[in-house]
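I have placed the structure first, in the form of structure tokens, so that the comments after it can refer back to it.
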Amino acid sequence: MLVRAFSCPPIRPGSVASLAASLALATVASAQIRVVNYNVAQLNGNQTALQAVFAALNADDKPGWAVAPHLYVFPEVQSADVGPLLTRLNAAAPPGVTYTQGTYTNNNENSTAGAQAMFYRADTFTEDVAGHVDIFTGGGRYTDRWKLRLVGYSSPDAVLFIYSSHLKASTGASNEQERLDGAIAIRNNADALPAGTHIIYAGDYNVYSNAEPAYQEMISAGVAQAIDPLGTGSWGGSSNAWKHTQSPQDNGPLVGGGMDDRFDLQLSTAAFHDAEGLSLISGTYRPLGNDGAHYNLAINSGNNTYYPSDIPRSNTLADNLFDASDHVPLIAEYQLPAVLQASGPSDFGRVIQGEAVTVSFQVNNAASVVIPGGSGADELDFTATGFGALLGSGGGSVLATLPPTPATIELAVDTSATGAVAGGVQFASSSQAAEVLTPTLNVSGAVVRHANASFASDADENLAAVSRVLLSDGGVVEFDVDVHNFGFDSEQALLDVDGVSGMTAPITLAGGLESGVGAAPATLTFTVDTAGLGNADVQQSVSVNTSDEDIPGASGAAITIEFALDVRVLLGDIDGNCVVDLADLSAQLEAFGTCAGDSGYNAAVDLDNDGCVGVADLSILLTDYGAGCP
């Protein structure tokens, strides 16, 4: 391998542009939390390279996704450099991402390399300023502690504390003791917090091995015991080179020596390691740009393979890391707590009494993530309990996937009684720190009885007798039959008149099939073509097929029309002997003055089909009197 050796290599042509191009490919979203700690060496490195490193942190897709960091802590920040550092972070940020400065205190620390600075994305965190403390850790240095809450979450478990430290540097017993004293001070402060608190310990601890007392103090038992994501074994030697964070330079101009020390740490308490709520995502702890192949070498010596399939990108990043600082950034990704968001109908509509009906609700884990598979947020464990007219309960688990894959819950409707009904469903989650955006969904509807088809408005009549006297060759005769929804009110289904069956010529249906019959009837219009019928007795039984409106539980029913059509060549030929004579006149006079429903009414002599036998009928008969069939 060709080794390029120089004290301060220039940035490769196009390196900043290359990182900007990579940044443009990054997904920009408020997502699972990316936390970065980075010793920026008092901004004594190349500032153009430093801004390019910030851009690379936004675009870093080493774990399989890219997202702009949500939280930064920086040791070695002079008072005058806080503003410029924030400016560079925002200049490198993707569109829509802005960083906010956290509480900054400087206890005369400019003379000892600088103080701790923290910056966060306001779309992800809010700072509780009252939670900020300074902890003296020796050597004129202070550890800073900040208290942050996740935006959009109300649970106490959605709060985290982050400590940023810069412990005493260099080897020797006295320096090790001073680091130990600093670690004891940090642990004393953290152990005073409630058990189960989410704590991140970040910064430049300057410990040389896992055997150092300061490191052992941090991982010792106690309320706020630190857990090392990489385990507590040795990190020395070339086999552990990928864990090292100092120094990307070999011989300066900042502190050199090559990549051989794991000074920078991002440890965390057990609350971050239970895979519940706010937790570390396994396998995401990494020093940016460290490919594990540069032990005791400059990070840009030869080719860098941090991105194995994109060596030019890796080399560009390595050059910028070399020039920006004498440390590389340390990154870890943390899953978000789950977010319960439910949806469903506010009105389930109308259903038939006694029908088994359910209402569907969708429950989604709406935690904002960029990882398609769902590991960017905690699994949402939920329950759904009906109240009012909704019966039963359910539950399940939902991942925060891309695209969303909600769970469906079906709750039964109480349809035992008619009328307007109301109820709803209550949602809850047992997932740690889960935010329930939709605690309740209300739903209403109506339970109705079946429609009731009838030929009368004031009685339940399922049979209609239609008798007509018709003149053969008298043209097309039209007549109507009303179909009512008997007893209709707001608690009864609408009636659909769907069709007729059993009807043949000469009777035809001209119209009147209707849907949604309520208080007003549907009118079926029938026609009879009398052409060429001669003397005929047309008898047909026709079914009128009806059903409930198209709602759950709908069913059908048929009612019957009995047609009796007396077709005559001569209307006055009542007895059908082909002559209008005294016998016909006598039959009519016998029923004269009666109407349908009266005793003695004879439809055969009601020649005008008006339901009564009267003068008009007599006039028709007398007009034909004495005539015979052709």
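The values are calculated or read from the model by the stated rules, or taken from the named source; none is laboratory data. Because the structure is a prediction, the values reported are computed rather than measured. Note: ideal-geometry Cβ built from the backbone for every residue, glycine included; neighbour counts use all protein chains shown. Remember, those area values only see protein heavy atoms, side chains included, never the ligands or the DNA or RNA. Shrake-Rupley method; radii C 1.70, N 1.55, O 1.52, S 1.80 Å.
Taking G277 as the residue in question, decide whether it is touching a residue at least 40 places away in the same chain (Cβ under 8 Å) and within 31 Å of the chain's Cα centre (by Cα). Talk me through it step by step, then tell me what you get.
Numbers: touching a residue at least 40 places away in the same chain (Cβ under 8 Å): yes; within 31 Å of the chain's Cα centre (by Cα): yes.
Here the answer is yes, as G277 does meet what is asked.
Okay, residues lined up against (1) charged (D, E, K, R); (2) in contact with a helix residue (DSSP H, G or I) (Cβ under 7 Å, 6 or more places away or on another chain):
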position: G222; (1), (2): no, yes
position: A226; (1), (2): no, yes
position: K243; (1), (2): yes, no
position: V255; (1), (2): no, no
position: L265; (1), (2): no, no
position: L278; (1), (2): no, yes
position: L288; (1), (2): no, yes
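Give the residue, chosen from S239, S220, S234, that is more than 22 Å from I371 (Cβ to Cβ) and not in a loop (DSSP other than H, G, I, E, B). Spell out the reasoning first.
Values: S220 fails: not in a loop (DSSP other than H, G, I, E, B); S234 fails: not in a loop (DSSP other than H, G, I, E, B).
Exactly one residue qualifies, and that residue is S239.
Hey, among G257, G252, G277, which residue is part of a loop (DSSP other than H, G, I, E, B), surrounded by 20 or more Cβ atoms within 10 Å (Cβ to Cβ) and on the phi > 0 side of the Ramachandran plot?
Working: G257 fails: surrounded by 20 or more Cβ atoms within 10 Å (Cβ to Cβ); G252 fails: surrounded by 20 or more Cβ atoms within 10 Å (Cβ to Cβ).
Sole residue among the options that is part of a loop (DSSP other than H, G, I, E, B), surrounded by 20 or more Cβ atoms within 10 Å (Cβ to Cβ) and on the phi > 0 side of the Ramachandran plot: G277.
Specify the residue that is nearest to V544 (Cα to Cα); the eligible residues are those in region 482-512 that are more than 53 Å from the chain's Cα centre (by Cα) and of a type in the set (A, V, I, L, M).
Among those residues, the one meeting the criterion is M503.
Given the criterion within 14 Å of T560 (Cβ to Cβ), touching a strand residue (DSSP E or B) at 6+ places or on another chain (Cβ under 9 Å) and surrounded by 17 or more Cβ atoms within 10 Å (Cβ to Cβ), identify the matching residue among A464, A451, A446. Steps first, please.
Working: A451 fails: within 14 Å of T560 (Cβ to Cβ); A446 fails: within 14 Å of T560 (Cβ to Cβ).
The unique qualifying residue is A464.
Of all strands (runs of 3 or more DSSP E) completely enclosed by region 76-128, which ones contain at least 3 residues that are touching a strand residue (DSSP E or B) at 6+ places or on another chain (Cβ under 7 Å), buried (at least 17 other Cβ atoms within 10 Å of the Cβ) and not basic (K, R)?
Working: elements: 99-101, 115-121, 125-127.
Here the list reads 115-121.
For region 129-178, enumerate the residues that are within 42 Å of the chain's Cα centre (by Cα), of a type in the set (V, I, T) and not in a helix (DSSP H, G or I).
Across region 129-178, the qualifying residues are V133, T143, V151, V159, I162.
Filter region 381-399 down to residues that are outside any strand (DSSP E or B) and either under 16 Å from A356 (Cα atoms) or touching a helix residue (DSSP H, G or I) at 6+ places or on another chain (Cβ under 9 Å) (or both) and give me whichever is most open to solvent (accessible area, probe 1.4 Å). If you could, list the steps in order and put the result at the bottom.
First, the residues of region 381-399 that are outside any strand (DSSP E or B): 389, 392, 399.
Narrowing further to those that are either under 16 Å from A356 (Cα atoms) or touching a helix residue (DSSP H, G or I) at 6+ places or on another chain (Cβ under 9 Å) (or both): 389, 392.
Details: A389: 11, G392: 46 Å².
Checking each candidate, the answer is G392.
Applying the selection to region 29-65, what residues are assigned to a loop (DSSP other than H, G, I, E, B) and open to solvent by less than 10 Å² (accessible area, probe 1.4 Å)?
Quick first cut of region 29-65, residues assigned to a loop (DSSP other than H, G, I, E, B) only: 29-32, 38-40, 44-46, 60-65.
If the condition is that a residue be assigned to a loop (DSSP other than H, G, I, E, B) and open to solvent by less than 10 Å² (accessible area, probe 1.4 Å), then A31, Q32, Y38, N39, V40, D60 are the ones that fit.
Can you tell me which residues in region 321-333 are of a type outside the set (D, E, K, R), crowded, with 24+ Cβ neighbours inside 10 Å and part of a strand (DSSP E or B)? Write out each step before concluding.
Step one: filter region 321-333 for residues of a type outside the set (D, E, K, R), giving 321-322, 324-325, 327-332.
Next cut, crowded, with 24+ Cβ neighbours inside 10 Å only: 321-322, 324-325, 327-330.
Once the filter is applied, which keeps residues that are of a type outside the set (D, E, K, R), crowded, with 24+ Cβ neighbours inside 10 Å and part of a strand (DSSP E or B), region 321-333 yields only L330.
Which one of these does Q588 not meet: (1) touching a strand residue (DSSP E or B) at 6+ places or on another chain (Cβ under 8 Å); (2) open to solvent by less than 60 Å² (accessible area, probe 1.4 Å)?
Of everything listed in (1) touching a strand residue (DSSP E or B) at 6+ places or on another chain (Cβ under 8 Å); (2) open to solvent by less than 60 Å² (accessible area, probe 1.4 Å), Q588 misses just condition (1).
Over 18 Å from N462 (Cβ atoms), surrounded by fewer than 17 Cβ atoms within 10 Å (Cβ to Cβ), in contact (Cβ under 8 Å) with a residue 60 or more places away in the chain and out of contact with any helix residue (DSSP H, G or I) (no Cβ under 7 Å at 6 or more places or on another chain) - does that describe any residue in region 514-533?
Taking every residue of region 514-533 in turn, at least one turns out to be over 18 Å from N462 (Cβ atoms), surrounded by fewer than 17 Cβ atoms within 10 Å (Cβ to Cβ), in contact (Cβ under 8 Å) with a residue 60 or more places away in the chain and out of contact with any helix residue (DSSP H, G or I) (no Cβ under 7 Å at 6 or more places or on another chain).
Looking only at region 289-309, which residues are of a type in the set (F, W, Y), open to solvent by 30 Å² or more (accessible area, probe 1.4 Å) and part of a loop (DSSP other than H, G, I, E, B)? Quick ask: steps written out before the conclusion?
Let us first name the residues in region 289-309 that are of a type in the set (F, W, Y), namely 295, 306-307.
Still in the list and also open to solvent by 30 Å² or more (accessible area, probe 1.4 Å): 295.
Residues satisfying the conditions do not exist here.
May I ask you to list the residues in region 179-234 that are surrounded by fewer than 21 Cβ atoms within 10 Å (Cβ to Cβ) and among the aromatic types (F, W, Y)?
Y208
Is it the case that A422 is open to solvent by 50 Å² or more (accessible area, probe 1.4 Å) and either at positive phi or aliphatic (A, V, I, L, M) (or both)? Walk me through it before giving the result.
Numbers: open to solvent by 50 Å² or more (accessible area, probe 1.4 Å): yes; either at positive phi or aliphatic (A, V, I, L, M) (or both): yes.
Yes: the conditions hold for A422.
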